[in-house]
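Enquirer: Mind having a look at this structure? Questions to follow.
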Amino acid sequence: MKKYLFLFVLMLSTSLTAHAQQGYTNPVISGFYPDPSVCRVGDDYYLVNSSFCYFPGVPLFHSKDLIHWEQIGNCLTRASQVKLTNANTSGGIYAPTLRHHNGVFYMITTNVSDKGNFLVHTTDPRGEWSEPVWIKQGGIDPSLYFEDDRCYLVSNPDNGIFLCQINPTTGEQLTPSIRIWDGTGGRYPEAPHIFKKDNWYYLLIAEGGTEYGHKVTIARSRTIDGVYESNPANPILTHINRNAQNNPIQGTGHADFVEATDGSWWMVCLAFRPQSGSHHLLGRETFLAPMRWDTDAWPVINGNGTLSLQMNIPTLPQHPTPLRSTRTTFDSKQLGPEWVYLRNPTEDNYELTPQGKLRLKTSPVNLNSLSSPTFVGRRQQHIDFTAGTSLSLHRAKSRDEAGITVFMEHHSHYDLFVRQEADQSQSVVLRYQLGELTHTEKTVNIAAGEVQLRVTGSKDYYQFEYAIGKGEYQTLGRMNTRLISTETAGGFTGIVIGMYAVSASNEPTKCFADFSRFDYEGK
């Protein structure tokens, strides 16, 4: 009897705790996870983001409460699905949309470095997705809307929002493309999504460019093909106005809506967090806000059309995801879904050894190239963080190198690495690449063997350190964060902390680096 009473009290306590929780912290997915799109299937929520030149493409997340998200895979995991040849960090895979209809998940997106708009589909989002189904209508940020047995596509060719009907299985365009809205006059009308509520068709878009002037606007019509009437209170979300000029969140836009299991409505969107003045380095991140959508009325986002880092509001019953270890060891059969390569990787250059090492084989393709260097990394997700690795360089020839890089663009990165010298000694080197300028900040000669490399980030600086074996860390130098920020380097991505290996010779080489761990801890 006591056993059953204990179990009842425990279940009651858990239930009350889940329902009593309130508030959450933005962003709900931190770091370079932009252009979120969300859908609900039963009491499960799924979300995707754009991935640009990184492979695998389109990270896929799952949640039970819209607040705590776990990456469960990527939608584009095969070279046959996504060709990223010579894609720079503003190329490749643009904003996706995720929808579910009649038991099938559809993810539609654009590969601006290949043939344009396409979709993939699956009945199991944790498994493999289909081969690409290519779409005729151009533009970017394509989205799907299903109604009965019809599937509609919206995207933004010719600087406006266009609609057509398609067959989602074959990609065939079934009706001519028609222009349905040009937005409110802001530049780059994009990210269209259609929703139906109270017999209105609502057309949600982003305007102003994905920068400080970003905003979300909305229009509606009684028929899906228009005429669409603009909301008199547009924009429904922006931080360009005076009421948010000092907000630590900026560049809000590119939104998607979802109705929760309890009938409440929520919005996910992108935004960024400036650091060191008006510069940002983490990329555009995924934020969450509640929305009020009264009957036959326009939606209102978070009461006043702005976001906060701390959202002190009622939430769905919260289901925190398990805490992840700050250390990645390489004793599994494959890397986790958060690890990415630059473009389609040369698979022979990567190996998880039986000894629990990540082996990177050197390639003459370096980090400044638009080909695919031997590189694997994960996103920087915190302004203040520490990341590090331990490596040893083997069979190296003069000037071969391997190490860790703080990577924004192929022309904007800081590298801390071990280099083989001509006299068979080794060195630890700190180097930066800024546009056309390459500079070696410091070089220290060391004995061959295992080397620890560590980078510590803050709002203004990256500090670089090394240690020999299990010795004490020594500071090699520090670099200014602004010099590789989005505002300086350009592009649409954020910082990726990567491990890499480069050969100085174009001749075949047997050189490789063994990495025994990778640590990442945000503060």
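Enquirer: Considering only the range 219-264, state which residues are more than 19 Å from K197 (Cα to Cα), part of a strand (DSSP E or B) and in contact (Cβ under 8 Å) with a residue 40 or more places away in the chain.
Expert: The answer is L237, T238, G251, T252, G253, H254.
Enquirer: Can we say T109 is in contact with a Cys (Cβ under 9 Å, 6 or more places away or on another chain), under 23 Å from R343 (Cβ atoms) and modelled with pLDDT of 95 or more?
Expert: Working: in contact with a Cys (Cβ under 9 Å, 6 or more places away or on another chain): yes; under 23 Å from R343 (Cβ atoms): yes; modelled with pLDDT of 95 or more: yes.
Yes.
Enquirer: Okay, moving on. Is it fair to say L288 is part of a loop (DSSP other than H, G, I, E, B), touching a residue at least 12 places away in the same chain (Cβ under 8 Å), of a type in the set (A, V, I, L, M) and closer than 30 Å to G491 by Cα? Outline the logic, then answer.
Expert: Numbers: part of a loop (DSSP other than H, G, I, E, B): no; touching a residue at least 12 places away in the same chain (Cβ under 8 Å): yes; of a type in the set (A, V, I, L, M): yes; closer than 30 Å to G491 by Cα: yes.
Here the answer is no, as L288 does not meet what is asked.
Enquirer: I'm checking my understanding of the structure. Among residues of the range 179-207 that are of a type in the set (G, A, S) and closer than 24 Å to R292 by Cα, which one is surrounded by the fewest Cβ atoms within 10 Å (Cβ to Cβ)? Full working, then the answer.
Expert: Narrowing the range 179-207 to residues of a type in the set (G, A, S): 183, 185-186, 191, 206.
Remaining after also requiring closer than 24 Å to R292 by Cα: 183, 191, 206.
Details: G183: 27, A191: 31, A206: 31.
The extreme case among them is G183.
Enquirer: Here's another thing I want to ask about it. Yes or no: S90 within 19 Å of D114 (Cβ to Cβ), surrounded by fewer than 23 Cβ atoms within 10 Å (Cβ to Cβ) and modelled with pLDDT of 95 or more?
Expert: On the way: within 19 Å of D114 (Cβ to Cβ): yes; surrounded by fewer than 23 Cβ atoms within 10 Å (Cβ to Cβ): yes; modelled with pLDDT of 95 or more: no.
The answer is no for S90.
Enquirer: If I29 satisfies every condition in (1) out of contact with any Cys (no Cβ under 7 Å at 6 or more places or on another chain); (2) of a type in the set (V, I, T); (3) crowded, with 21+ Cβ neighbours inside 10 Å; (4) over 18 Å from A255 (Cα atoms) but one, which is the exception?
Expert: Among (1) out of contact with any Cys (no Cβ under 7 Å at 6 or more places or on another chain); (2) of a type in the set (V, I, T); (3) crowded, with 21+ Cβ neighbours inside 10 Å; (4) over 18 Å from A255 (Cα atoms), I29 violates only (4).
Enquirer: Could you list all residues from the range 359-413 that are more than 24 Å from D519 (Cβ to Cβ) and either without any contact (Cβ under 8 Å) to a residue 24 or more places away in the chain or in contact with an Asp or Glu (Cβ under 7 Å, 6 or more places away or on another chain) (or both)?
Expert: S398
Enquirer: Okay, next question. Against the conditions (1) more than 15 Å from D256 (Cα to Cα); (2) part of a loop (DSSP other than H, G, I, E, B), where does Y152 fall short? Just the number, please.
Expert: The number of the failed condition is (2).
Enquirer: Which of (1) closer than 28 Å to L335 by Cβ; (2) in contact (Cβ under 8 Å) with a residue 12 or more places away in the chain does P508 not meet, given it meets every other one?
Expert: Unmet condition: (2).
Enquirer: Go over the candidates T328, T321 one by one and state the one that is in a strand (DSSP E or B) and among the polar types (S, T, N, Q). Spell out how you get there, then give the answer.
Expert: Values: T321 fails: in a strand (DSSP E or B).
Step by step, each of T328, T321 is checked, and only T328 is in a strand (DSSP E or B) and among the polar types (S, T, N, Q).
Enquirer: A further question on this structure: If you scan the range 126-178, which residues turn out to be surrounded by fewer than 16 Cβ atoms within 10 Å (Cβ to Cβ), on the phi > 0 side of the Ramachandran plot and not acidic (D, E)?
Expert: N159
Enquirer: What's the number of the only condition in (1) part of a loop (DSSP other than H, G, I, E, B); (2) at negative phi; (3) loosely packed, with under 13 Cβ neighbours inside 10 Å; (4) in contact (Cβ under 8 Å) with a residue 24 or more places away in the chain that D296 fails to meet?
Expert: (2)
Enquirer: Identify all residues within the range 474-523 that are among the acidic types (D, E) and either in a strand (DSSP E or B) or within 21 Å of E338 (Cβ to Cβ) (or both); write none if there are none. Spell out how you get there, then give the answer.
Expert: Within the range 474-523, the first condition is being among the acidic types (D, E), and the residues that meet it are 487, 507, 514, 519, 521.
Across the range 474-523, the qualifying residues are D514, D519, E521.
Enquirer: What are the pairs, 6+ residues apart or on separate chains, where a residue within the range 34-62 that is on the phi > 0 side of the Ramachandran plot has its Cβ under 7 Å from a residue that is modelled with pLDDT under 95?
Expert: Listed pairs, sorted by first residue: F52/T89; F52/S90; F52/F492.
Enquirer: Continuing with this model, one more query. Out of the range 465-523, which residues are out of contact with any Gly (no Cβ under 6 Å at 6 or more places or on another chain), within 22 Å of T443 (Cβ to Cβ), buried (at least 20 other Cβ atoms within 10 Å of the Cβ) and not aliphatic (A, V, I, L, M)?
Expert: Result: E465, Y466, Y500, S503, C511, F515.
Enquirer: Can I ask one more? Which pairs do you get when a residue that is β-branched (V, I, T) and part of a loop (DSSP other than H, G, I, E, B), found in the range 171-182, comes within reach of a residue that is surrounded by 14 or more Cβ atoms within 10 Å (Cβ to Cβ) and at pLDDT 95 or above, reach meaning Cβ atoms under 8 angstrom, with the pair 6+ apart or on two chains?
Expert: Sorted first by the residue in the range 171-182, then by its partner, the pairs are T175/C164; T175/Q165.
Enquirer: Which residue, of T252, T328, T315, T238, is touching a Leu at 6+ places or on another chain (Cβ under 6 Å), of a type in the set (S, T, Y), closer than 27 Å to Y46 by Cα and crowded, with 17+ Cβ neighbours inside 10 Å?
Expert: Unique residue meeting the criteria: T252.
Enquirer: Still on this structure: Which of the residues that make up the range 62-83 are surrounded by fewer than 24 Cβ atoms within 10 Å (Cβ to Cβ) and either of a type in the set (K, R) or in a strand (DSSP E or B) (or both)?
Expert: Listed by number, the residues that qualify are H62, S63, K64, E70, Q71, I72, G73, N74, R78, K83.
Enquirer: Go through (1) in a loop (DSSP other than H, G, I, E, B); (2) closer than 19 Å to D519 by Cα; (3) under 21 Å from the mean Cα position of the chain (by Cα); (4) not β-branched (V, I, T) and name the single condition P345 misses.
Expert: If we test P345 against (1) in a loop (DSSP other than H, G, I, E, B); (2) closer than 19 Å to D519 by Cα; (3) under 21 Å from the mean Cα position of the chain (by Cα); (4) not β-branched (V, I, T), just (2) comes out false.
The values are calculated or read from the model by the stated rules, or taken from the named source; none is laboratory data. On a predicted model such as this, the values are computed, not experimentally measured, just so you know. FYI the Cβ positions are ideal-geometry reconstructions off the backbone, even for glycines, and counts take in every protein chain you see.
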